[in-house]
């Protein structure tokens with residue numbers, strides 16, 4: 001990389017990603033305050049947003065290092081490794097959530113989480129090899145290296161399976177809610193749709209399909225997803241606590 005010593009556009013992008021990270025962590029803390037009351041599935045849901053916060057924190061660190069002219073390749077590589085590890089960390093939490101919600105079974109959740117953990121080990125191994133990242137395309141607003149094709153293939157497979165399972169879960173919970181003739185909002189369906197929205201955005205971001213100033217606009221949608229998840233959780237807690245909360249004696 002050979003960017004200018006200071007790029008106001010990249011600094012602005014760092015501000016946007018810092019807001020995205022802070023919003024994800026705020027959602028995590030919201031759930032941590034209710035930890036003893038959360039179901040196992042919702043605990044995995046909480047850890048998903050926590051790992052997501054780490055992803056965007058690493059992106060922010062990358063931009064700030066570039067803005068500050070700190071271009072040590074080893075440090076940047078370590079930061080990218082932490083970033084991608086956090087991506088798969090969120091995947092482990094997501095698959096665990098799906099295991100609990102779809103099968104209502106700890107073993108199923110553990111099996112799904114183990115599958116992602118194995119995939120993560122294989123994918124992250126690729127990042128230790130020469131040519132692990134394609135050179136970053138530097139624009140006024142962005143400087144985002146792209147992982148190797150092998151890494152992206154594994155990521156794409158796991159993200160694709162997660163999307164299919166999330167869509168199935170969203171449709172299943174919606175039709176169950178409709179069949180039962182319940183009034184109000186199908187909260188479990190909206191939990192899934194918030195995750196669907198994030199995964200779709202994440203796939204586009206990981207593939208580096210969008211760069212420069214449109215990427216900043218694109219990333220604002222992440223905050224919208226987090227806020228929608230927060231609003232759903234708040235409304236669910238206010239109206240139907242037993243939707244995702246359990247009593248300690250249970």
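By the count of neighbouring beta-carbon atoms within 10 Å, fewest first, 29, 155 end up ordered 29, 155. Pick out which of 162, 132, 238 has the largest mean-square fluctuation in a Gaussian network model of the chain, springs linking Cα atoms closer than 10 Å. Most flexible of the set in this elastic network: 238.
Within the listed set 41, 53, 131, the Gaussian network model of the chain (springs between alpha-carbon atoms below 10 Å) gives the highest mean-square fluctuation for 131.
Residue exposure proxy: 90, 234, ordered by other Cβ atoms within 10 angstrom of their Cβ from fewest to most, comes out as 234, 90. Take the Cβ atoms of residue 33 and residue 148, set R0 to 30 Å, and the FRET efficiency comes out at 0.15. Each of 142, 223, 117 has some number of other Cβ atoms within 10 Å of its Cβ, and from fewest to most they run 117, 223, 142. Fully extending the segment from residue 217 to residue 157, taken as 0.36 nm per residue of separation minus the present Cα-Cα distance, adds 18.9 nm. Its relative contact order, with pairs defined as Cα atoms under 8 Å and 6+ residues apart, puts the chain at 22 percent. A helix-only calculation puts the chain at -26000 deg cm²/dmol for mean residue ellipticity at 222 nm, using -39500 (n - 2.57) for each DSSP H run of at least four residues, averaged over all residues. For the options 126, 101, 239, a Gaussian network treatment of the chain with springs between C-alpha atoms closer than 10 Å singles out 239 as fluctuating the most. Spin-label pair residue 224-residue 238: with each label point 7 Å from Cα along the Cα-Cβ axis, the two points sit 2.2 nm from one another.
Shape of region 1-129 from the C-alpha gyration tensor: oblate (a/c of 1.5 or more and a/b not above b/c, with a ≥ b ≥ c the square roots of its eigenvalues).
Every number in this text was worked out from the coordinates using simple rules, so none of it is lab data. Note that the structure is predicted; figures quoted are calculated from it, not measured. Every residue, glycine as well, gets a Cβ built from its backbone with ideal geometry; the counts of neighbours run over all protein chains shown.
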